[in-house]
Amino acid sequence: MSVTSEPMTGLYRITKRTVGRIVVTNDDPSLSNDERMRLNDETQQKLMVDIRGSHLGGEYLLHGKFRLRSFYNVIRFLGRAMKEESEYDVPRDPRTPATSENPIFTLRMTESDAVQPGADRAVKYGAHYYAVSPEAGYQWNRRAFLLLYQLLEMTVVKMPQGAGPTITIA
């Protein structure tokens, strides 16, 4: 917090820097305070992505919010991707630069009757084991799972003080 006086008017100005929401953007880092406040207000309690065409990286416009309400929803999303809504190969857009990694699956999971060799972690549910598919070389699946976890952590909503009793589940 800073306090400055304005000698001409005899008034004082008190300013306090606040940390806003998380926004992934390609905007110029020297945004005006009004533009920063607009982005902060729009973001609310979520992680927002705002890629604009007027700046570097703006060949593909992207504007949206990530909202993962619970770990249950993350697991449900992964489960649906395994069977109900399985991913499929999509040809690369010719405008997209070449990349060394372009797997069919965003995050490949395995379901088996036993723990898969090379799996970092496996979870038993019912009669089956579930794990992030192990890979050789670049660990795409591991990185995708880590990114999903980080998105979850960044979008966790803090409860306001006095909103009711606090319950901790360990």
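The values are calculated or read from the model by the stated rules, or taken from the named source; none is laboratory data. These figures come from a predicted structure and were not determined experimentally. For neighbour counting, all protein chains shown are included, and Cβ atoms are generated from backbone atoms with ideal geometry for every residue, glycine included. Only protein heavy atoms, including side chains, enter the accessible area calculation; ligands, DNA and RNA are left aside. Shrake-Rupley method; radii C 1.70, N 1.55, O 1.52, S 1.80 Å.
Before moving on, here are some points about what is shown:
- Residues of the stretch 2-28 satisfying the condition of being part of a loop (DSSP other than H, G, I, E, B), over 21 Å from LYS65 (Cβ atoms) and either at pLDDT below 75 or basic (Lys, Arg) (or both): LYS16, ARG17, ASP28
- Annotation: of all residues in the stretch 29-46 being open to solvent by 70 Å² or more (accessible area, probe 1.4 Å) and under 21 Å from the mean Cα position of the chain (by Cα), the one that is modelled with the lowest pLDDT is GLN45.
- Filter result for THR106 (hydroxyl-bearing (Ser, Thr, Tyr) and within 13 Å of ALA144 (Cβ to Cβ)): yes
- Remark: pairs (first residue in the stretch 88-105, within 22 Å of ASN141 (Cβ to Cβ); second residue part of a loop (DSSP other than H, G, I, E, B) and of a type in the set (Val, Ile, Thr); Cβ separation under 6 Å; 6+ apart in sequence or on different chains) = ASP89/ILE104.
- Criterion violated by LYS65 - all others in (1) modelled with pLDDT under 80; (2) surrounded by 14 or more Cβ atoms within 10 Å (Cβ to Cβ); (3) in a helix (DSSP H, G or I) satisfied: (3)
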